[in-house]
1. Just name the residue that is nearest to the chain's Cα centre (by Cα) out of those in segment B:295-307 that are of a type outside the set (D, E, K, R) and open to solvent by 30 Å² or more (accessible area, probe 1.4 Å).
2. Among the residues of segment B:260-319, which ones are assigned to a helix (DSSP H, G or I), farther than 28 Å from A:Ala32 by Cβ and among the hydroxyl-bearing types (Ser, Thr, Tyr)?
3. Restricting attention to segment B:150-175, report how many residues are basic (Lys, Arg) and within 14 Å of chain A (Cβ to nearest Cβ).
4. Within segment B:65-73, can one find any residue that is over 21 Å from B:Val271 (Cβ atoms), in contact with a helix residue (DSSP H, G or I) (Cβ under 6 Å, 6 or more places away or on another chain), in contact (Cβ under 8 Å) with a residue 60 or more places away in the chain and within 14 Å of another protein chain (Cβ to nearest Cβ)?
5. Pick out the one residue from A:Gln182, A:Gln213, A:Gln221 that is touching a residue at least 24 places away in the same chain (Cβ under 8 Å), more than 27 Å from A:Asp77 (Cα to Cα) and among the polar types (S, T, N, Q).
6. Could you identify the single residue in B:Glu223, B:Glu280, B:Glu266 that is under 19 Å from the mean Cα position of the chain (by Cα) and under 27 Å from B:Gly103 (Cα atoms)?
7. Tally time: how many residues in segment B:49-63 are touching a residue at least 12 places away in the same chain (Cβ under 8 Å), open to solvent by 10 Å² or more (accessible area, probe 1.4 Å) and either touching a Leu at 6+ places or on another chain (Cβ under 8 Å) or facing chain A (nearest Cβ under 7 Å) (or both)?
8. Looking at (1) farther than 20 Å from A:Phe104 by Cβ; (2) out of contact with any Leu (no Cβ under 8 Å at 6 or more places or on another chain), which is the one condition that is false for A:Ile188?
Amino acid sequence: MDANTPLYSFLLQLGDNALILGHRLGEWCGHAPEMELDIALTNIALDLTGQARALYQRATELNAQGKTEDDLAYLRDVPEFRNVLLVEQPNGDFAHSIARQFYFDAFNYFFHEELTRSSDAWLSGFAVKSLKEITYHLRFSSEWVLRLGDGTATSHEKMQTALDDLWYWTGEMTTPSDLERQMAADAIGPSLQQIKSRVNDRVNDVVSMATLQLPTGTWMQSGGKVGRHTEHLGFILAEMQFLQRAYPGNEW
Amino acid sequence: MKEQNLEAHFQAKIDAEIKIEPKDWMPDEYRKTLIRQISQHAHSEIVGMLPEGNWITRAPSLRRKLILLAKVQDEAGHGLYLYSAAETLGADRGDLVLQMLNGKAKYSSIFNYPTLNWADIGAIGWLVDGAAITNQVMLTRTSYGPYARAMVRICKEESFHQRQGYEIMLAMSRGSEEQKQMAQDSLNRWWWPSLMMFGPHDGESSHSEQAFKWKIKRKSNDELRQQFVDATIPQAGLLGLTVPDPALRWNAERGHYDFSPINWDEFWNVVKGNGPCNRERIAARQKACDDGAWVREAALAYAEKKEQKQIGARQTAAA
């Protein structure tokens with residue numbers, strides 16, 4: 001199969017979202033506000049990195065160019081990554097990490113819920129398994145939006161700032177790219193227009209329950225899905241890919 | 001019962017290999033010793049996350065990254081589990097953590113050494129966890145019940161950690177010339193600190209004698225150290241790596257390996273805060289504590305609000 005088939009690119013895009021967000025969460029390990037949070041954030045990092053691995057493995061099965069899962073993670077450069085811009089944003093304070101997680105989880109949950117109905121049997125099986133993990137992620141991040149939003153005056157302010165700061169990275173998730181339109185037309189991927197209102201409703205519910213305000217700005221940043229990233233991704237890759245780049249071809 | 005009788009009863013139980021449980025009477029000194037030892041162990045797990053956490057973002061393959069994430073997560077779990085064991089003795093986790101941050105309580109000095117190349121992640125699993133297991137297997141038979149049971153569980157996970165560490169060393173020692181060099185460099189740096197993990201010679205350890213009588217400890221530092229050396233040397237041989245000790249040789253008469261004297265000057269300096277990373281490690285834990293304060297306060301405030309609402313709802317329902 002040609003490396004550029006839409007399904008191959010689609011698998012990589014989903015894998016990249018999971019890999020990069022998992023990487024960011026891994027940065028917290030040992031530095032979280034509570035030991036229990038160290039465990040929880042690492043858990044989500046493990047789930048996401050595991051999902052990325054499964055998606056890359058599937059991609060390598062479809063494409064007989066002899067690439068491995070690690071080639072995909074460690075030997076592509078910034079423009080070849082297709083993750084949304086939101087997941088590469090820095091951890092910031094705990095509120096920023098929670099806002100990033102919550103916005104992504106809300107999208108990811110409804111996305112995978114639809115993906116369980118994919119006409120591609122492998123993807124639908126993957127979605128069923130991942131949805132269990134993502135359900136927990138969304139519960140975790142929603143609960144923390146509530147705790148921080150409705151906790152103390154300080155936490156309320158920090159949580160509001162984080163929601164505001166990250167807002168304009170969110171539109172990209174539910175705005176379909178050409179690839180996603182085609183995947184939806186082939187009944188392989190979800191229709192993003194369809195899930196958009198469900199995502200928005202859930203985000204609205206949690207944010208208002210947390211006594212917070214959802215930002216109203218309508219100008220959204222985009223580019224990740226076509227490989228045009230923020231400055232942050234280059235640094236993530238420089239760190240993540242260091243050993244594979246410095247010692248090419250070695251087994252670890 | 002009089003204090004004297006209580007103490008005799010307590011010692012009789014220990015002599016009969018009956019575990020001491022949280023609600024049993026125990027001498028103050030026994031309680032203090034255990035709180036000190038268990039919390040030191042807990043602190044070591046938590047601080048130990050840092051040198052390994054260092055490499056999570058640079059792990060060289062997805063498989064290695066997942067294993068390392070899971071391993072460091074296990075350590076956080078061990079820390080929690082051990083703090084809980086210390087709390088059964090009346091200690092408070094917050095106070096214990098504070099003692100570690102202000103330097104009153106120690107953690108294992110090994111974590112004051114840096115992780116400089118990927119093989120260090122292998123060496124920590126193989127040597128540091130290997131040394132820890134040697135000590136912890138003994139502690140599964142310690143006289144205080146909750147501590148002994150915690151050790152059973154922790155030992156199971158630690159032996160998995162040791163295997164994955166050895167597997168990294170194996171992959172690297174069979175890899176490229178550069179990887180072999182990393183593996184050797186890593187063994188050179190971690191060997192002696194690993195032997196120091198067992199603590200000073202028996203005669204110089206201030207707590208040994210009483211700890212034996214109370215069966216908190218069942219083997220001496222030197223016995224455990226020798227046991228570790230004997231088990232580890234053949235493993236180094238399989239890797240084709242050289243243990244950095246010219247005096248190391250098998251002593252058929254003793255049935256043990258002989259090895260050079262340990263540099264106790266270095267040991268005591270690292271204990272006193274002069275290791276390469278002491279300041280960094282404490283600063284990282286202090287920063288996590290300070291930066292997280294508002295999060296912990298928010299969680300507490302939210303829980304209280306929720307409870308108040310529930311009480312209010314119940315009162316309304318009752319009225």
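1. Just the residues of segment B:295-307 that are of a type outside the set (D, E, K, R), to begin with: B:295, B:298-303.
Applying the additional criterion that residues be open to solvent by 30 Å² or more (accessible area, probe 1.4 Å) yields B:300, B:302-303.
Numbers: B:Leu300: 30, B:Tyr302: 34, B:Ala303: 33 Å.
Within segment B:295-307, the match that is nearest to the chain's Cα centre (by Cα) is B:Leu300.
2. B:Thr316
3. Within segment B:150-175, the subset basic (Lys, Arg) is B:153, B:156, B:163, B:174.
If we keep only those that are within 14 Å of chain A (Cβ to nearest Cβ) as well, we get B:174.
Matching residues across segment B:150-175 total 1.
4. Yes, the conditions are met somewhere in segment B:65-73.
5. Numbers: A:Gln182 fails: more than 27 Å from A:Asp77 (Cα to Cα); A:Gln221 fails: more than 27 Å from A:Asp77 (Cα to Cα).
After applying the criteria, what remains is A:Gln213.
6. On the way: B:Glu223 fails: under 27 Å from B:Gly103 (Cα atoms); B:Glu266 fails: under 19 Å from the mean Cα position of the chain (by Cα).
Being under 19 Å from the mean Cα position of the chain (by Cα) and under 27 Å from B:Gly103 (Cα atoms) holds for just one of B:Glu223, B:Glu280, B:Glu266, which is B:Glu280.
7. 3
8. For A:Ile188, the exception is condition (2).
The values are calculated or read from the model by the stated rules, or taken from the named source; none is laboratory data. For clarity, every value in this text was computed on a predicted model and none was experimentally measured. Methodologically, a virtual Cβ is constructed for each residue, glycine included, from the backbone with ideal geometry; neighbour enumeration extends over all protein chains shown. Heads up: the accessible areas ignore ligands, DNA and RNA and are worked out on the full protein's heavy atoms, side chains in. Shrake-Rupley method; radii C 1.70, N 1.55, O 1.52, S 1.80 Å.
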